[in-house]
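Engineer: Okay, handing you the structure first.
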Amino acid sequence: MVLDFTVRADSAMDKLTHSCRAIRQQAETECTEMHMRVNELQHKLLQVLDSRERQRRAVLMQQLEGQRQKLSVWSGMLKRASTILADEDGAVFLDVNTNVLDMQLRGAADASLNPPALQTLTAGLTLDLKSIMSSITHLHFTELLVPPPPTALSCVEHEGASLLVTWKCETVSSDPNTFLVEQRRFHETWPLAHESYPWVEIYKGPNRTCTAGALDNRTSYCFRISATNSSGASGWSNTAIFTTGVPTTPNGVMLLNRTARSLSIAWQGEPALSSGHCSYIVEIADAPPTTQKEEWMQVYTGTARMTVITKRSAESSYAVRVSALNKWGQGTPCAPQVFATLPRTEGDE
């Protein structure tokens, strides 16, 4: 009896084991099929979404291309108009509705941090570009109506105590420019400001020329100009320096260094390295100097106020004089100063 029970128990266990194996195989088969179906559905979903995305990108690119062509045409028209008005390039700003774009970008960021539920993924996976494309469609130009700073300041005429100053400036709107001209006396601290010579307004009006009067003869003055219309004022032009007549005579010629073959000298005069409003001429002659012009030899021309005179004879005396030159002519040379080179030493060529 016990044997019979054991046989029946083993038989039942075999059946149970067989059933478990069948169920496991069926579960594995169904899971594999389900996994394949999920992959297939996911692939199809991505194809659909990718197709929609490509369509939306194509629409956006078409609109962007249209805007680019429109911008190109408008830019050409504005440049041509500016050329006709002032023979210079115009300036244009592109203005975008930044508030709308900011709201859209914030919405996109919120969507990425808070993804939609699973059942809404099909409709919400891609970003809706309609509002962004609408903002791009409303791009528009705003013409730069404030005039640029005047350029090409020039002194075309001087008459003792006056200077005729001219300049150029682009007109960027139908509203004419009004120009403000200021002057101040040139000082040796230029380009740094000097409290003794403040800027003074000498002209305000529509003309591109003005006469600065009541000036001292053979004196340099600084000028700057700004342009104004109903939209605002430009910045100041570059400072220009003009002189009433030929430059004043340099002074204070001094010896900085000397060798057997050279003399290093400096002198006092208006600084002109940056402005270039005048230059200096250094002449040399054997000492003692004479008034014969042919005996003087020019050894330097430039805007610096120092130079090195080379190729001199050892233990020799030379007379040196300096004069200043500008567009009106050459000023009177200073009184000659005599300097001597050192004796020749071993090693001097």
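Engineer: Just to be sure I understand the filter: pairs with C-beta atoms under 6 Å, separated by 6 or more residues or on different chains, first member in the stretch 232-258 and within 17 Å of Y318 (Cα to Cα), second member open to solvent by 40 Å² or more (accessible area, probe 1.4 Å). Which pairs pass?
Structural biologist: Between residues of the stretch 232-258 that are within 17 Å of Y318 (Cα to Cα) and residues that are open to solvent by 40 Å² or more (accessible area, probe 1.4 Å), the close pairs are G252/Q268; V253/Q337; R258/L342.
Engineer: Right, something else. Counting only residues that are surrounded by fewer than 16 Cβ atoms within 10 Å (Cβ to Cβ) and not charged (D, E, K, R), how many does the stretch 326-341 have?
Structural biologist: 6
Engineer: I'm told D175 meets every condition in (1) in a strand (DSSP E or B); (2) in contact with a Ser or Thr (Cβ under 8 Å, 6 or more places away or on another chain); (3) in contact (Cβ under 8 Å) with a residue 40 or more places away in the chain except one. Can you identify the failing condition by its number?
Structural biologist: Answer for D175: the failing condition is (1).
Engineer: Do we find that V172 is at pLDDT 90 or above and open to solvent by less than 50 Å² (accessible area, probe 1.4 Å) in this structure?
Structural biologist: Criteria not met by V172.
Engineer: Further, regarding this structure: Pull out all pairs, ordered by first then second residue, where Cβ-Cβ is under 6 Å, the residues are six or more apart or on different chains, the first lies in the stretch 180-192 and is touching a residue at least 60 places away in the same chain (Cβ under 8 Å), and the second is open to solvent by less than 80 Å² (accessible area, probe 1.4 Å).
Structural biologist: F186/S220; F186/Y221; F186/C222; F186/I241
Engineer: Quick check on my filter: what residues within the stretch 250-275 are under 40 Å from the mean Cα position of the chain (by Cα) and either aromatic (F, W, Y) or open to solvent by 50 Å² or more (accessible area, probe 1.4 Å) (or both)?
Structural biologist: W267, Q268, L273, S274
The values are calculated or read from the model by the stated rules, or taken from the named source; none is laboratory data. A quick note: this is a predicted structure, and the numbers were derived from the prediction, not measured. So basically every Cβ, Gly included, is an ideal-geometry build from the backbone, and we count neighbours across all protein chains shown. Note: areas computed on protein heavy atoms with side chains; ligands, DNA, RNA excluded. Shrake-Rupley method; radii C 1.70, N 1.55, O 1.52, S 1.80 Å.
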